[in-house]
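Report on one structure; see the data block that follows.
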Amino acid sequence: MSLAELQNWLVDEGLGEELERLMRRLAIAEIDNLTPSAEDAEEPKFDWSRLLFAGSILARSQLRAHQEAALRIATAALTLAETTTVRDAGAVLLGKLSNFRAVALAEDRGLLAADLDSRLGMSLRIEAQRRQMNRAILIESSGRWLPVNDFQERFWSNAGDHQWLSASAPTASGKTFLVLQWLIDQMRSTDATIAVYLAPTRALVSEIEGALGVLLGPDSKVEVSSLPLREKFDAARTGGSKLILVFTQERLHLMANVIGVAAGVDLLIVDEAHKIGDHQRGVILQDAIERVSRDNPSVKLAFVSPATQNPEELLTDAPEGKPVIAIDSDAPTVLQNVILAEQRPRTPKLWNLSALRDGASVPLGVLQLDTSPSGLRKRLAFVAAAAGARGGTLVYANRPSEAETVAGLISQLTPKPVATDPALSELADLARKGVHPKYALAPLVERGVAFHYGNMPSLIRSEVERLFRSGKIRFLVCTSTLIEGVNLSCRTIVMRGPRKGKGNPMEPHDFWNLAGRAGRWGDEFQGNIICVDPKDRTAWPRGVPGRARYPIKRESDAVIERGDSLAEYLDRRAEIDAADVDGANDFEAVGSYLLTAYLRQGSISQTQLAKRHDPATIARLDASLATLADKIEIGPDIAVRHPGVSALGLQRLLEAFRAYEGDVENLLPATVDSDDSYDRFITIMGRINLHLYPAFTPDALIPLHALIVVRWLKGMSLAAMIRKNIEYHQKNARPFNIPTLIRQTMELVEVTARFKAPKYLSAYLDVLHLHLRAIGRIDLIEDDIDIGTQLEFGVSSRTLLSLMELGLSRMSAVALYEKIARDDLSKDDCRQWVVEREAQLVGMDIPAIIIREIRAKLLPDAGAQLATF
């Protein structure tokens, strides 16, 4: 029998019963209010010598099933065994799996006595030291050796020799931690001066920016920023300083527009790179990557994605002759148990729990609920409250409104604390003052429960995450923000009928990315994924998903592969406005991307994507694009600046400007503090809908969109915007619900003020400036903060922008700006203003969390670092 055959036999037959018993015992230990079966209620008896010997054989395999079995044996030995000898052997087995963080966690929790090496025999000690040497990397900038797993070692050793690298590994395998270490080492030990870290969401941008700040330390010579400002870029490019920019793909385009080109970037990291396949935003990401690599042929590029099928696909656009490599890993670092929760017939308070193993369910016991769940949301909430009572429990909700409801239900089943933790009280105060006195989050966090979704203010969201990590928030109800890469781990995650988007059942790869939050490496040994009502096909149309990996396919490729549909859309688009063409939502983004490429190169046959498609398809698209290009005077320079916006729409907007018979000044937006600013934005948004793209629809809601934009640009706080919205409804006798109105205002800020308005108003002004130059009215072009940057951050004054440049969240910057009279302060002026009034901060009625952030960012010697990673 070969080694591979022996390993297969051990997993399939030789250890089958023992592995199942281990799985049951480990899962049961993590679930509260569970009455185990009679068999599992007895004291477990295992043949540890046999199991550990088998585990050492399985650890030599590269197959996930074999490594998972070895990991289960090692984890059980550490957490279930009573004797020091067995626990030591479990730690040795973890070492064979290169799982040194789990060994450190066992020591931290007192499961493993310190100084393991001193208790090993000579041969084991030598072997352990050899493994540690082979699985350690040297951080050149600090001279420090860092223990790593197999995936991390391969990433580090290959990153130096390859210009393009695509790395894929499961969630919870330490990807982000290592990539940040590598990024910092590159900035400190090489000639690289400017790096860009691309993240898909603002939530992840905030997290990465904070983590880098902590890892670099307060005295670092490498600056970290998430603001696309020329001064920072120029200082790094010409002044000898070093800069890491943490951006979304939209923010990267903003920066490239502000400085004119994207040249000067030495290192580009694309996190959650599989999102190049997302509808519409995937095209913007692809365009951002191509824009940087086109302007920087020598850029070093690293793609990072969670558990993908084909990470090498991202390397197909690499320049000819550049060394590339794909690093793929499917090795488990923590155990993850999928547990099915089903209500027992005629006893709604009792739920049967069973674990999935090889497609079959293994009974674990009966879960006792406190009360009968009479509705679907109560089923989710009550199971979570019972099974995860000890805390560290995430609950997945499909919408923000559902997250608030489920969190409210869970809070009623948690014991009221004798005294509220001061940190929770501070967060509740921030929620009441920063959002609304009746914001549902405030009373919930006082009971150790919270909710979390993407539209929340970043400071509140990051504080919720920090307190959940610390254990002070015991239950956290989240939406799909967690799938976007936010590094938030838990002991247990509970879900029922998970969806992504409006009504779309979650794909298996998204399910497993979400499930990866349970039992994050270095924080837990294992995690439980509890699936409520698994046989309900309205909740789980395809059943509980089996383990799956992301297929990487660019959105542009997916659309082109739909046959002649895209070309036919482009043919219709040549004659009809986007609002009147069927399929605009499916084809406009990719069509705009291809049209810009055609304008830039005269054909798409020479682009990188052409080599991935049938030449006849490319020729057909070229013909359609040529017809469109003949109608366009807009040059490629302007088209490139506005990904996702059709050059045809830009041309029609230019023609509208040329045909305008009034005073050309009326085409310009007014300064946001002007009395006519609101009316101007209404007119401009109508003009955008008519000529560029129907972005602010329906037309009847344009006044609302304009009002949100004006208030956002004025630097109005979210709390003030919500208050104004409530006053409007009261004044006009319109019925409203405060929680709904709060969520709607947050959504309007995110969708209108921070996404649609920057995208389309920037395009509008670019075309208008082109027209003004052509008619000799360059005097009307103001050299001020770019409108896209103003809208992205919600600023129009130099003082407010300076405060955010210093690292304050918008919530904190606005709270402080309300106390400052001058609107033209530089960064140094703002810092000096705070220094002079530090003793007065507490008396300014500013929430304690904001004061702490102000001190940490503007008075680094006085404040402690807020961010954690």
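Readers should treat all values here as calculations from the given coordinates under stated rules, not as data from a laboratory. Nothing here was measured: the structure is a model prediction, and the numbers come from that model. Every residue, glycine among them, receives a Cβ derived from its backbone with ideal geometry; neighbour counts consider all protein chains shown.
Numerical summary
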| read-out | value |
| --- | --- |
| Cα-based shape type of region 137-328, given that a ≥ b ≥ c are square roots of the gyration tensor eigenvalues and the cut on a/c is 1.5 | rounded |
| Separation between Cα centres of region 755-832 and region 416-484, rounded to whole Å | 31 Å |
| Extension gain from residue 568 to residue 161, taking 0.36 nm per residue of separation minus the Cα-Cα distance | 142.1 nm |
| Relative contact order %, the chain, counting alpha carbon pairs below 8 Å whose residues are six or more apart | 11 percent |
| Förster-model FRET efficiency, 51 Å R0, residue 837 and residue 190, C-beta, rounded to 0.05 | 0.75 |
| Potential lengthening between residue 671 and residue 637 on full extension [0.36 nm per residue; Cα-Cα distance subtracted] | 9.5 nm |
| Efficiency of FRET between residue 611 and residue 751 - r from beta-carbon atoms, R0 30 angstrom, step 0.05 | 0.25 |
| Taking region 662-792 and dividing mean pair separation by its residue count, relative contact order in percent (alpha carbons under 8 Å, at least six apart) | 24 percent |
| DSSP bridge orientation in the chain - percent antiparallel, rounded to nearest 5 | 30 percent |
| In sequence order, calculated HN-Hα J values of region 239-252 (Karplus, 6.51, -1.76, 1.60; Hz; x Gly/Pro) | x, x, 7, 10, 9, 10, 9, 10, 10, 7, 5, 5, 5, 5 |
| Ranked 251, 554, 357, 831, criterion: other C-beta atoms within 10 Å, fewest first | 357, 831, 554, 251 |
| Phi-based couplings in Hz for region 341-357 (Karplus 6.51, -1.76, 1.60; Gly and Pro marked x) | 10, 10, 5, 6, x, 6, 9, x, 7, 10, 10, 7, 10, 9, 9, 7, 9 |
| FRET E, pair residue 316, residue 141, Förster distance 35 Å, beta-carbon r, rounded to 0.05 | 0.60 |
| Euclidean distance between Cα centres, region 7-54 to region 101-127, Å | 23 Å |
| Amide H within-cut-off set for residue 81, under 5 Å, with H built and near neighbours excluded | none |
| Within region 341-381, backbone nitrogen closer than 20 Å to the virtual label 7 Å beyond the Cα of residue 42 toward Cβ | 362-366 |
| Alpha-carbon centroid distance for the pair region 172-220 / region 669-683, whole angstrom | 40 Å |
| P(r) histogram, all alpha-carbon pairs of region 682-805 included - 10 Å bins from 0, percent | 12, 38, 33, 13, 3, 0 |
| Structure-derived volume of the Cα convex hull per residue in Å³: which label, when the choices are (i) 260; (ii) 188; (iii) 175 | (ii) |
| Length gained when the stretch residue 64-residue 399 is fully extended (0.36 nm per residue, less Cα-Cα span) | 117.2 nm |
| Projected label distance in nm at residue 82 and residue 504, using a 7 Å step from Cα toward the beta-carbon | 5.4 nm |
| Cα gyration tensor shape for region 337-532, rounded if a/c is under 1.5, else prolate or oblate | prolate |
| Mean ellipticity per residue at 222 nm, deg cm²/dmol - from DSSP H runs of n ≥ 4 across the chain, formula -39500 (n - 2.57) | -14000 deg cm²/dmol |
| When each of 45/349; 175/275; 433/759; 232/756 is checked by Cα-Cα distance, pairs over 21 Å | 45/349; 433/759; 232/756 |
| Computed label-point distance, nm, for sites residue 344 and residue 777 using a 7 Å Cα→Cβ extension | 7.9 nm |
